[in-house]
1. Within the stretch 203-236, can you find the residues that are in a helix (DSSP H, G or I), under 30 Å from residue 8 (Cβ atoms) and at pLDDT below 90?
2. Just checking, which of 54, 60 is over 18 Å from the mean Cα position of the chain (by Cα), modelled with pLDDT of 70 or more, surrounded by fewer than 19 Cβ atoms within 10 Å (Cβ to Cβ) and under 25 Å from residue 32 (Cβ atoms)?
3. Looking only at the stretch 172-194, count how many residues are part of a helix (DSSP H, G or I) and surrounded by fewer than 19 Cβ atoms within 10 Å (Cβ to Cβ).
4. Among the residues of the stretch 6-48, how many are outside any helix (DSSP H, G or I) and closer than 19 Å to residue 207 by Cα?
5. Among the residues in the stretch 189-202, are any at negative phi and modelled with pLDDT under 75?
6. Just to be sure before I move on: is residue 135 at pLDDT 70 or above, touching a helix residue (DSSP H, G or I) at 6+ places or on another chain (Cβ under 8 Å) and surrounded by 15 or more Cβ atoms within 10 Å (Cβ to Cβ) in the structure I sent?
C-alpha cells in the first residue's frame, strides 16, 4: 500500500518540475501521461476494497489509457532522437502508426480467441500492455546500442524517460514469465512490480533535475548522415508521406545501376478481476 501511494506523489513531483522547467513543451505526451496516472489513482483508489464492480471498470479503463499514452511516449522519444534527421523521422512516423494498429488488432484477436476463464476485456488490455512493454524495452536497447551513431547523449531527458520505462517494462516482462512458470508468488510479483515502477519514477525525477544536455557534436555520425541523405534523395519529387514512390525510386535505381555496369556483380531492426482485486490491483496499476 505504501509503494502504491508513493507513485502519485513521485509523479506529482516530476510533473511539477517538468512544468517549472518548461520541459512539457518538448515532451507534452509524457507530461500528460504523468497527469493521467495521478488522475487514475485518484479515481480508482476510493473504490479499492469497497466496490469491486466500479473498481474493475475504472481500473481497466485506466489501463487502456496507460497503454495508449505509453506508446505515444515512445513515439515522442523517437521524434526527439531523430529531430536532426528529418527524412528518418518522416519514415518512422507512419511505421509507428502501423505498429500501433497491429498491436491493437493483435489484442482484439487474442481476446476474441480467448480459451481461458479470464475476462475478454482484461485479456485484450493485458495483451496490448505486453506489446507496449516489449516496444519500451526495444526502445531503450536501441538507444543504448545506437546512441553513438545518432549523437544522443545519455544525459538527455529523452534518454532518461526511455530508461525509466525500459527498467519497469523489462522487470514486468521478467516477472510475467516467472509467474507463468510458477517461479514466483503473486505477493512477491506485486511487490517487485510496484518497486520497479517507483525506481523508474525516481529515474525520471533525477533526469528532470538534470540540465538539458545537447547532442554530442564530436561523435562520428557519418553513417547516419548517409542514411539521411539517401532517404532525402528518394523522397525528392515524391508525394509527401507516400512510401510507394519511394520504393519505386529504389527499384529504378537498382535497375539503372545494373544496366550501366552489367559486368559488376551486386555487393552485399492491479487486479484483473473483482475477485482478485486485493492481490493484483495494487501491482499493475502503474502505466
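1. Passing the criteria: 208, 209.
2. Exactly one of 54, 60 is over 18 Å from the mean Cα position of the chain (by Cα), modelled with pLDDT of 70 or more, surrounded by fewer than 19 Cβ atoms within 10 Å (Cβ to Cβ) and under 25 Å from residue 32 (Cβ atoms), namely 54.
3. Number of matching residues: 12.
4. Adding up the residues that qualify gives 4.
5. No - not one qualifying residue is present in the stretch 189-202.
6. So residue 135 passes the test.
The values are calculated or read from the model by the stated rules, or taken from the named source; none is laboratory data. Since this is a predicted model, take the numbers as computed values, not measurements. Reconstructed Cβ throughout: ideal geometry from the backbone, glycine too, with neighbour counts over all protein chains shown.
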